[in-house]
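Trainee: This is the structure I want to talk about, given as structure tokens.
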């Protein structure tokens with residue numbers, strides 16, 4: 001079985017809020033997508049992940065196919 005992308009990233013790093021940008025340390029064994037922002041309650045994504053990159057592109061107004 002191939003590892004999932006979040007498993008490849010390892011235990012270190014941060015989770016970033018999709019709404020307000022709040023950043024919290026990633027907790028080993030808990031995917032960022034299962035975390036909620038302590039500031040606003042929105043979903044979070046892993047820093048440096050594909051989803052975080054898409055979020056940044058959308059925020060800049062880029063067209064995402």
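Trainee: With 10 angstrom as the radius, rank 46, 33, 12 by how many other C-beta atoms surround their C-beta, starting from the fewest.
Mentor: Starting with the residue having the fewest Cβ neighbours, the order is 12, 33, 46.
Trainee: Distance in nm between label sites at residue 19 and residue 33, each 7 Å beyond Cα in the beta-carbon direction?
Mentor: Each label point lies 7 Å from its Cα, and together they span 1.9 nm.
Trainee: Okay, moving on. For region 12-59, rounded, prolate or oblate, judged on the Cα gyration tensor with a ≥ b ≥ c (square roots of eigenvalues), a/c < 1.5 rounded, else prolate if a/b > b/c?
Mentor: oblate
A short reminder: the numbers here are calculations on the coordinates, not readings from a lab. Here the structure is a predicted model, which is why all the values come from computation and not from measurement. Backbone-built Cβ (ideal geometry, glycine too); neighbour counts: all protein chains shown.
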